[in-house]
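Every number here is computed from the coordinates shown, using simple stated rules; none is lab data. Quantities reported herein were computed from a predicted structural model and do not represent experimental measurements. As a convention, Cβ positions derive from the backbone with ideal geometry for all residues, glycine included, and neighbour counts pool all protein chains shown.
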Amino acid sequence: MEDARIVDLYLLRDESAIRQTAEKYGGRLRALSFGMVKDWQTAEECENDTYTQAWNAIPPHEPREYFYPFLARITRHISLNCCRDRSRLKRRAYLCELSEEMEQCLPAPGDTESLLEGLALAEAINTFLGTLNEGKRNIFLRRYWYLDSVPDIAQRFGMSHSSVKTTLLRLRRQLRAYLEKEGYTL
Amino acid sequence: MRGEDLLEAMALVDPAYIAAADEAPSVGKRRWRKWAGAAACLCLLAAGALGFWYAESREILPVGDAASEDGAAADGCDSLSSDIRPALLVDGTLFYWTGPAMAIVGADIPGAMVSTIATGDTCLPEGYKPYGEIISVTTDPAAKDGELTAGFSASGTIYTSEATPEAVYVRMTTDWFTHHYIRFVSAQLDSSCLRWQGRDYRIGQSAWNSPALLWLEELPEGYAAVGQLHYVGRDILPEEDLETNGTSDGYGYSLEGREVYVNPDDPEYVYVLAPRYWRGGQTDGYWQCPLWAAERE
């Protein structure tokens, strides 16, 4: 079923919307979550929580044209929280690793307040991503949005591990330079 | 913690980028591709030496000249390149391509990524009926109904609707891109707009080459709220005050019900409430919507 029609079902408060969503995107959302939590049962819980949150969010939101990214964003948020909250998943270390990588993009240490003017930061990241070619942008997003491992990214794009790492390193430096240029310094 | 916050802020990346990154890579650098490409060339040479049937089979598709000359049609969509914006002539009106940008990789066109995700429909909207086929593809301005101006090969069936004459759809049957409906829009519908006192103001999604809307944290002096936006459908030109055909903002959230602000002394702009979202909540802001058309043709 077309995304717009599924969203219409949500707007009509028709519970078949969830079934339609699960049929169309359930597998992708579960896989997205599994990539982060590395546990199928938890991934399934995150998938189901995604439907609940989507049900609560539509309306007021009407993501007709970005339905999958809308759902994926919810799944990502829930899955990240799961990683933090459930130490048994042993994913905290992986999150720390990724966080440390992102830390390298920050222009100055200890500048949480000025940096995290969330919206402006998101704008800056979006603008930065817009300056990249599609290939590099996708590599960056696979790592820091989908939280893929380096080997997974290498396999996906047919690159060597070292090439992926080098690309990510350069992109982090570019982002850092970009944020500095945009005034994100002490 | 700071890095983790940045990781969280990544959640607000443009949905178009997120979806694009989830698609199977179309331009992989897999080594086998080189060998596959070489093998394909050898096969083509052998086929050419064996007879004329291959050349005849190529003529089935109304392949555009430019695509044939640069070899794009044989290699797939990712090698197509053109800075020509595709446009289709239907009943004497030009309709502009809003479809995937992959056909024009290398064109360096702002907003191209957005187009990739925002369109590429797999279903035809209700009310659309077959109009005819794309009769030919040219790099010159289209001169006949059913002719497509483009820098790549294309074929497909055109669908029109009396109820929404500002948009036509084409079911692509081209070898490199098929089973999708591409939306073409009239110049009037080239950017989503909102209607206020007989004028159209550009809002939300940018047109092909139009700049992004200016976003302000504070409303300029003299502007006051006049009501809320009402979405009438993306293929419909708004007629009444405060109607819009803009579907959603950059976060995928609906424009329906957004507050609109105007200043009677400044008809050049109207402002629309445009909250920005992040993990800590949201901040109000405003889009500056410039005058798109003072009068319709």
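Taking square-rooted eigenvalues a ≥ b ≥ c of the alpha carbon gyration tensor, is chain A rounded, prolate or oblate, where a/c under 1.5 means rounded and, failing that, a/b exceeding b/c means prolate?
prolate
May I ask you to sort B:Y169, A:Y144 by Cβ crowding, counting other Cβ atoms within 10 Å and putting the fewest first?
Going from least to most buried by this count: A:Y144, B:Y169.
Angle between the Cα long axis of helix A:161-181 and the longest principal axis of chain A, 0 to 90 degrees, nearest 10?
80
Fewest Cβ neighbours within 10 Å first, please rank A:K24, B:K129 accordingly.
B:K129, A:K24
So for segment A:3-89, considering every pair of alpha-carbon atoms, how many percent are separated by more than 20 Å?
Summing the P(r) tail past 20 Å for segment A:3-89 gives 29 percent.
Based on the Cβ-Cβ distance from B:L291 to A:W40, what FRET efficiency comes out when R0 is 56 Å, to the nearest 0.05?
Once the sixth-power term is evaluated, E becomes 0.55.
Please order B:C123, B:C289 by the number of other Cβ within 10 Å, starting at the fewest.
Starting with the residue having the fewest Cβ neighbours, the order is B:C123, B:C289.
Give the peptides A:157-165, B:227-235 in descending order of average Cβ contacts within 10 Å, highest first.
Highest mean packing first, the order is B:227-235, A:157-165.
Loop only by DSSP, 12 or fewer other Cβ within 10 Å of the Cβ. Give me the GluC sites (Glu not before Pro) in segment A:1-79 that pass, ordered by residue number.
Here the GluC sites (Glu not before Pro) that fit, given the DSSP loop and packing criteria, are A:E15.
Helix A:118-131 versus the longest principal axis of chain A: what angle, 0 to 90°, nearest 10, using Cα atoms?
Taking Cα atoms only, the helix is inclined about 80 degrees.
What distance in nm separates the two pseudo spin-label positions at A:E180 and B:Q197, each 7 Å out from Cα along the beta-carbon direction?
With each label placed 7 Å out from Cα toward Cβ, I get 4.9 nm.
So if R0 is 45 Å, what FRET efficiency would B:T283 and A:V150 give, r being the distance between their Cβ atoms, rounded to the nearest 0.05?
The calculated FRET efficiency here is 0.80.
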